[in-house]
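Taking it in order: structure first as C-alpha cells, then the write-up.
Quick note: the coordinates plus some simple rules give every number you see, no bench work behind them. As the structure is a computational prediction, the values presented were derived from the model and not from experiment. Please note: Cβ atoms are built from the backbone with ideal geometry, for glycine as well, and neighbour counts cover all protein chains shown.
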Amino acid sequence: MHVPGWHEATAALQDAGEVQMLGIIQEQHPDRARLFMQWKEMGWPILVDSYNLLEVPYVPITVALDEAGVVTKLLGPLQDEGPLGSDFVAETFPAGEGAGASPPVVPDLESLAQTARAESSPESWRAFGDAVAVWGGPDRATDAIEAFEEVVRATPDDGLAHFRLGVAYRMRYDSEGRRDADFQKAVAHWGTALEIDPNQYIWRRRIQQYGPRLDKPYPFYDWVPTAREEIAARGDVPSPLVVEPRGSEFAEPVEAFATADRPVAEPDPLGRVLRDDGEFIAVETTAVPSAVPPGEVARVHFTFRPIVEQLAHWNNEADDMVVWVDPPEGWDVDSPMTVYSVPPEMVSQETRSVEVEIRAAPSAEGDVTIPAYALYYVCEDINGVCMYRRHDLDVEVSIER
C-alpha cells in the first residue's frame, strides 16, 4: 500500500494521539519526498536513508514500535480493521530494551577518518563511510567516496559498498563540487552492486530511474508537475527541488524499442561548423546502464553547462540546439537527431539535458565508442561575439558477455 493509503487509514489514530507516523525513504533526492508529502498534505516526519544504511532489500516495509521504541511487529497490507489493528493500539507493552535509551551521540568524523587512514582496513573505512553518510550530508560526499572506494578496493564483492559508493558519486555530481564522470561512476558502481546481488530491489530501481524505457516499471516522477499545480492552486508555494527530474525520470515504460519514423538529414555531414572543444560549453555523457548485453538498450544522458568562468552563455535568438548521434553499423538509435528548444529569453546560462536511447548490435562486443555531436549558438561574454559552434561527443558503452 502506498504511503497516502497508510496516512488516510491512520488519520483518526494520528489525530487522537494514539500513533505517530514516521517515514524513512531510500531516495537519492530526498527533497522530492518533501514535495510529495506537501502535495498529499501529510505532515509527519520523514528521515532520509539514501545510502540504504538500513540494508533493506525492498520497499515498502512497515514496522510497528511500542511506547519504548521497541519493534513489536512487521505489518503487512491494510486490513479491514486498519493497518495497525485495534490489538496493537489498545495494548500496553512492558518496558523493553529501548526504554530510557540515550539519544545517539554524534561521532567524531575526523577521528574516524584518522583511524581509517592509520589502520587502512575495510572495517575502519566502512565505519568512517557510514558515519559520513549519516552525519556528513552532501557536503561530505567526497569523504564518503574516499571511504567506500577503499572498501571496494579491499572487498570487491561487497555489493553494499558499491551501492553506497554510487550514491556518494551521484550526490557529489548534484553539487557544485561535481567532477568529470561522477554520474557515470555512480551508474557503474550501482551496476556492479546489482550484479553481486540481483535480488536487491533498491539498487535495481536506482539504475532504472535513469535508464532506458524498456527497463522501467513505471514513470518515476511524472507526478511532479501535477503536485506543483495543485499545491499552487490551494495558495501554497511548492517545496523547491535541488535537482529537477529529467527526461528518463518522467519517461513512460515501453514494450519495444522503436526508431524514428522517417530518415532525418544530418545537420553537419561534412563537419564544416567550427568546433567548441570545451572552451565555452562543458559537456558530459553518461550511459545508463554503463554496460549492456548485445542487442540491449542504454539510455544516454548528454549534459551541457556554460563555462561561467569564461562568461559564456547561450544565445537564444537563433535556432534551437540539436544533438546528432551516428551509431555504428548494426546499432540503432531511437532518434538520430534530437532538438532542444531554447528558452524565450534572449540569453541564458542554464544547464541543458538531452537524452537518447541506443540499442547495441547483436554482434557487439568489448568497449564501443559511439560518435555524436551537438550544434548550438553560444556567446563568449554578455556583450561579446556570438557564434554557431559544433561540439564533438563520444559515447562509451561496454558490452556484457
Listed residues ALA282, ALA68, ALA258, most fluctuating in the chain (Gaussian network, C-alpha, under 10 Å):
ALA68
Under 5 Å between amide H atoms, partner at least 5 residues away or on a different chain: which partners does LEU393 have, H built in plane at 1.01 Å?
ALA372, TYR373, ALA374
With angles folded into 0 to 90 degrees, how steeply does helix 30-39 sit against the dominant principal axis of the chain? Use alpha carbons for both and round to 10.
70 degrees
Given the DSSP H assignment, sum -39500 (n - 2.57) over each helix run of at least 4 residues in the chain and divide by its residue total; what's the result at 222 nm in deg cm²/dmol, nearest 500?
-9000 deg cm²/dmol
So, for the Cα atoms of region 109-210, Rg and Dmax in Å stand at 13.0, 38
Built amide H within the under 5 Å cut-off of VAL356, gap 5+
VAL300, PHE302
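Give the average over all directions of the projected area of the C-alpha convex hull of region 300-368, one decimal, in nm².
5.9 nm²
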If amide hydrogens are placed 1.01 Å from N in the peptide plane, which non-local residues have theirs closer than 5 Å to the one on GLY23?
ILE46, LEU47
Take the chain, connect every pair of alpha-carbon atoms lying under 10 Å apart with a spring to form a Gaussian network, then pick out the residue of PRO57, PRO327, PRO263 with the largest mean-square fluctuation.
PRO263
Ranked on Cβ counts within 10 Å of their own Cβ, fewest leading, HIS7, HIS301 go HIS7, HIS301
FRET efficiency for GLU55 and MET337, using Cβ-Cβ distance with R0 set to 60 Å, rounded to 0.05
0.85
Listed with the fewest Cβ neighbours within 10 Å leading, PHE36, PHE257 appear as PHE257, PHE36
Ranking ARG389, ARG153, ARG213 by Cβ neighbours within 10 Å, fewest first, what do you get?
ARG153, ARG389, ARG213
Taking the Cβ of THR155 as the center, what net charge do the other residues with Cβ under 13 Å away carry, scoring Lys and Arg +1 and Asp and Glu -1?
-2
Scattering curve values for region 147-198, log₁₀ I(q)/I(0), Debye with Cα scatterers, q = 0.16, 0.26, 0.30 Å⁻¹:
-0.40, -0.91, -1.08
So for the chain, averaging the separation of alpha carbon pairs under 8 Å that are six or more residues apart and normalising by length, what relative contact order in percent results?
12 percent
Using the alpha-carbon centroid of each, what span in Å lies between region 194-271 and region 154-168?
25 Å
Largest to smallest principal axis extent of the C-alpha atoms in the chain, angstrom
80, 57, 48
Cα-Cα pairs above 15 Å in region 231-298: how many percent?
80 percent
